[in-house]
1. State which residue pairs qualify: first residue within 16 Å of GLY334 (Cβ to Cβ) and inside segment 256-269, second residue surrounded by 15 or more Cβ atoms within 10 Å (Cβ to Cβ) and acidic (Asp, Glu) in any location, beta carbons under 6 Å apart, and separation of 6 or more residues or different chains.
2. With within 13 Å of the ligand (Cβ to nearest atom) and among the hydroxyl-bearing types (Ser, Thr, Tyr) as the only criterion, which of SER280, SER258 stands out?
3. With the condition being away from the ligand (no atom under 16 Å from the Cβ) and surrounded by 17 or more Cβ atoms within 10 Å (Cβ to Cβ), I'd like the helices (runs of 4 or more DSSP H) fully within segment 1-110 carrying at least 2 qualifying residues.
4. If I ask for residues that are assigned to a strand (DSSP E or B) and in contact (Cβ under 8 Å) with a residue 12 or more places away in the chain, which ones from segment 303-331 would you list?
5. Kindly evaluate LEU267 against the criterion of being farther than 25 Å from VAL81 by Cα and of a type in the set (A, V, I, L, M).
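Just so it is clear, none of the values below were taken in a lab; they were calculated from the coordinates. Please read these numbers as outputs of a predicted model, since none were measured by experiment. Counting neighbours? That spans all protein chains shown, and the Cβs are built from the backbone with ideal geometry, glycine included.
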Amino acid sequence: GERGSTQSDMLQVRMRLSLQEHLWEFYQNNANIPTQEQAMARKAALDICAELRVFLHAKLPDMPLREMYLSGSLYDDLQVVTADHAQLMVPLILEKNLWSSIPGEDTIMNVPGFWLVRRENLEYFPRNSSYWDRCMVGGYLSPKSVLEVFDKLVAGSINWPAIGSVLDYIIRPVVPSETLTLEIQYEMDRKLYVDFLPLLVMEDGTSLIAKSHRLAAERHENLWRQSFRVADTARLRALDQEDGGCRCTCLKVAKAVSKLNPALNQLNASQLTNAILLLSEKEGDWTQEALADRFLQLLRALVGHLEAGRLPCALNPKVNLFCELTEQEVDELGYTLYCALSDPESLLRT
Ligand code: GDP
């Protein structure tokens with residue numbers, strides 16, 4: 001009857017109210033990082049970056065690089081839980097006439113979002129006409145080989161203890177490391193991890209990073225990963241600015257939840273950002289009061305994407321942001337999020 005439905009409506013409103021409060025509390029206590037902590041981590045990363053620039057200019061003046069710079073969530077105020085990592089972007093300069101990029105969907109691997117970078121004009125400009133020919137494998141620029149060049153430098157020829165003592169940090173390369181990572185201890189109890197991320201900016205502005213396909217079989221080894229991070233993040237921020245919205249808050253809560261719940265560790269910032277961007281196309285109300293509703297909607301959307309095995313990249317729907325998950329991981333994520341739909345608070349218990 002009418003009365004029953006009103007009562008259950010009231011119950012739902014009450015539940016949502018308290019979820020709203022708990023989400024904001026979780027955001028303050030777990031997701032958001034104090035300004036001071038962020039500033040200290042940024043400073044440590046900047047100090048290292050400055051030292052590395054000096055070192056590389058002196059040691060390898062011929063290496064065609066643009067200036068290295070720091071990037072990542074620490075610089076966009078999107079890092080969560082602890083301020084402990086950043087990427088050091090290392091942009092390689094490629095000769096336009098010697099290298100061309102081929103989208104992954106036009107290769108036998110057929111993976112949108114990944115690219116091959118092919119050496120051109122070898123007959124007129126033989127091997128070693130380009131500095132980066134030393135990283136050529138089977139006619140393609142190999143991201144793995146580029147990383148190895150930096151790995152040799154960073155792990156082999158840089159005197160980290162000396163640099164560390166000048167800066168009053170303890171610095172050491174992390175071994176073994178998939179990426180190329182420095183660990184910087186800048187306070188007794190504070191560590192920062194900085195990944196070297198070689199980067200190609202192609203003529204049309206496409207950014208390709210030397211981060212391998214996660215399920216990289218040998219045939220995937222030469223693939224460069226297209227980066228949408230800058231555009232994704234700018235879009236999210238612009239939308240929030242237009243309407244004073246809570247998309248970034250929702251993202252940070254979702255990132256913290258994924259970081260703190262082992263069963264959700266496989267969800268990354270790119271997937272969560274794009275899920276929110278897709279939701280923004282359908283859903284208009286992102287006021288601060290709607291955080292709980294949008295958060296629940298995000299969980300539901302993720303469950304749907306997982307069921308479909310597909311999360312299209314908002315900027316290029318051909319790219320499936322779940323393509324690096326195994327079927328089992330997709331199932332497990334889907335199950336965990338599905339269960340959370342009826343008890344979202346369970347995600348916030350830390
Ligand atoms: P968080 O590390 O979860 O806080 O997320 P970020 O938004 O900082 O993303 C960092 C991850 O995105 C790293 O694993 C990078 O390898 C990857 N990534 C892809 N493109 C970029 C890029 O253009 N810049 C940076 N910094 N990271 C990128």
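1. GLN266/GLU329
2. One residue alone meets the criteria, SER258.
3. Answer list for segment 1-110: 2-26, 35-59.
4. If the condition is that a residue be assigned to a strand (DSSP E or B) and in contact (Cβ under 8 Å) with a residue 12 or more places away in the chain, then PRO312, CYS313, ASN316, LYS318, VAL319, ASN320 are the ones that fit.
5. no
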